[in-house]
Amino acid sequence: MVNKARFLRADRRQTRWDFIDLEALLPSDHRARIVWAFVESLDLSAFYDAIKSREGEPGRPPPDPAVVLALWLYAATEDVDSARELDRLAERDLAYRWIAGGVPLNYHGLSDFRAENRELFDRLVTESATALIAEGLVSLTEVAIDGTKVRANASRESFKTAEQLVRIEAAVERRLAALRAETERDPEASARRKRAARERAAQEVKERAERARATLERLRAEKEKRAQKHPGEKANKKSEPKASMSDPDARSMHFSDGAVRPGYNAQIAATPKEGVILSVEMTDQRNDSGLAVPMVDDLVRRYGKTPETLLIDTNYATSEDIAALAEHPAGRVTVYAPVPSERENISARGLANRQSKRAREPESVKEWRSRMATQAGQEVYRARKLMERVNAHLKNHGFGFVPVRGLLKAKAVALLYALANNLLAAYRLRAKAG
């Protein structure tokens, strides 16, 4: 068991570096105090247990995980997503200094903490929402799911076709062979070290190219699957799959402003009226089709039950998905989603086929169609628009861009933003409850 007293703890009254009374300078209702109070209420034992440093062993004491977590959560409310910037603010900004309390930090440690604790952040998001459910401030009665695009840390120029990747890999192989041959011929140690560094750099390029090629294979398989479903579509040379050398997990996506950028599709499940995030997932899927069922499954994983009512956009779930959710093993889910528009100018034969298909639909799908045709159904669905407020809150505080690379690290960033959102929502809801 880690001796928590050994960690460098924050002194709320005075830093060890100067005699400025940060406690007196920071207003009593400052957001930094809200963040710290929230972190103090969390069970962080898993963070302490994961630390390898032990009492009586070599090595300096690590920073208190509570301090580092609080710094990242406060940064997520202040549009700060850079570990270097956070390190600088912890030395110069009043609020950040108050949270850090004189604890020595460095941007490497801050960055590693964010990247390596994805599973623990995931658990804390669940616990933050579970606490509010236990207090009766939110419930799973009504849940909305929505997707929002976030920019990835990759450029357009980093996207390469399969042919380009083959050329890059061949060039790297030639470079590696030349460096190894040069190392064998020259016994000078310093020169060998320099060549070894160049060899490592070339090896990294090779590994990135291999990961990008694996992504291309997956994209090609997806394209072939779509072609089987839509055999009438013609192949487009310009649509040849590409993968990023910088971040193979990133995809070129259409954003709300019409631009095409490397990005991820962040899926967010929340209570729309209270604005509490229940689940968040990062995907490389360009649209939201078919993601309703996996998100509901994740809610079951977290909370042991399904939402009673699910509010989603038009193409989020197919008729098969709606039927599957109505018969979900963990509980029936009543879906509210607009019925897709259909052609009105249709032949008599086409209309007969449509009516025949409708007659064979499951009862849950027929109920959904009937439900959405009523004024009461439209009133219930109207609450889904409140998800735009949740997305806007996240984007306004910096979630429009993820500074890390890879889906797993991107999810860690998303979870931190979700946790920061929930701590502010909890403060607001508890204050309102009196």
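The values are calculated or read from the model by the stated rules, or taken from the named source; none is laboratory data. This structure is a prediction, so every number in the text was calculated from the model and none was measured. Because the Cβ atoms are built from the backbone with ideal geometry, glycine has one as well, and the counts that use them run over all protein chains shown. The accessibility values were calculated without ligands, DNA or RNA, using every heavy atom of the protein model including side chains. Shrake-Rupley method; radii C 1.70, N 1.55, O 1.52, S 1.80 Å.
What to note about this one:
- All positions within region 321-338 that are more than 16 Å from Ile145 (Cα to Cα) and either surrounded by 13 or more Cβ atoms within 10 Å (Cβ to Cβ) or among the basic types (Lys, Arg) (or both): Ala323, Ala324, Ala326, His328, Ala330, Gly331, Arg332
- Here Asp79 fits the description: surrounded by fewer than 19 Cβ atoms within 10 Å (Cβ to Cβ), modelled with pLDDT of 90 or more and in a loop (DSSP other than H, G, I, E, B).
- Considering region 307-417, the qualifying helices (runs of 4 or more DSSP H), each wholly inside and each with 1 or more residues that are within 26 Å of Asn265 (Cβ to Cβ) and modelled with pLDDT of 90 or more, run over 319-326, 363-372, 375-381, 387-394.
- Residue in region 135-155 that is part of a helix (DSSP H, G or I) and loosely packed, with under 15 Cβ neighbours inside 10 Å present: no
- The set of residues in region 245-275 being open to solvent by less than 40 Å² (accessible area, probe 1.4 Å), touching a Ser or Thr at 6+ places or on another chain (Cβ under 6 Å) and of a type in the set (A, V, I, L, M) consists of Met245, Ala250, Ala266, Ala269.
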